[in-house]
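Here is the structure we will look at.
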């Protein structure tokens, strides 16, 4: 009953309206420090780019993008993600529906179509944002985002957007939800590029480099606000988690 209520279109529109305005309040009331300070200029100069995130740390990712940059985000096809897509649209982000995973699940999840759409978006000059890790297996980067960079020729930027004042949840990804006011940090790592003829070993090296870079930008961002990364403990032993088309941000 409650699940059906939450999937009512009028309710979804109302929740998306409230969520989008709340996130605008968080952005407007927070004193953000940005590293590097010239990221906006670099991102515009190198656009389109691929922004990489960790699950649970993605709710404020759109704060990082320069004004005027056209951005799309990969969102799951499931009904529960519909509100997330609506929120992003209200914030000026283009939702691309689908997700990656094992090959035999790709068509069902819309991953193949989403990959084509992401490549078309990049080709048209639209930047992308997606999580690098796999649902339920946090802080372990998959190959999907690496192969997207390989196929498109576009650089990946590791991104962390964090708040000192926030709610931390005991979820599988140790998710955080920013609160208004206080300090925040936006930290972007050096771009990771993958040649279109990269072999398996090169792809794996790029995957490990992205994984390490995402851990580093989050550690730095939380240090800048004088706090601890709630998901730091998840960055222990890492294993390769192959994905075919990247993972959605929610």
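Taken together, the values in this text are just the output of simple stated rules run on the coordinates, not laboratory data. Note that this is a predicted model, so its numbers are computed, not measured. Heads up, the Cβs are rebuilt from the backbone with ideal geometry, glycines too, and the neighbour counts pull from every protein chain shown.
Is it possible to state the helix-based mean residue ellipticity at 222 nm for the chain, with each DSSP H run of 4+ residues giving -39500 (n - 2.57), the sum divided by total residues, to the nearest 500 deg cm²/dmol? What is it?
The helix contribution divided over the chain gives -11500 deg cm²/dmol.
Calculate the spin-label point distance for residue 90 paired with residue 9, positioning each point 7 Å from the Cα along the beta-carbon direction, and give it in nanometres.
1.7
Would you work out if the range 160-216 is rounded, prolate or oblate? Take a ≥ b ≥ c from the square roots of the eigenvalues of the alpha-carbon gyration tensor; rounded if a/c is under 1.5, else prolate when a/b is larger than b/c, oblate otherwise.
Since a/c reaches 1.5 and a/b is larger than b/c, the shape of the range 160-216 is classed as prolate.
Let me check against my output: what whole-number percent is the relative contact order of the range 2-234, with C-alpha pairs under 8 Å and at least 6 apart? Write down the numbers at each step before the final one.
Values: 430 pairs, mean separation 56.7, N = 233.
Across the range 2-234, relative contact order equals 24 percent.
What's the exposure ranking of 200, 126, 131, 59, going from fewest to most Cβ atoms within 10 Å?
200, 126, 59, 131
Just to be sure I understand: of the beta bridges DSSP finds with both ends in the range 2-234, what percent are antiparallel, rounded to 5?
The answer is about 35 percent antiparallel.
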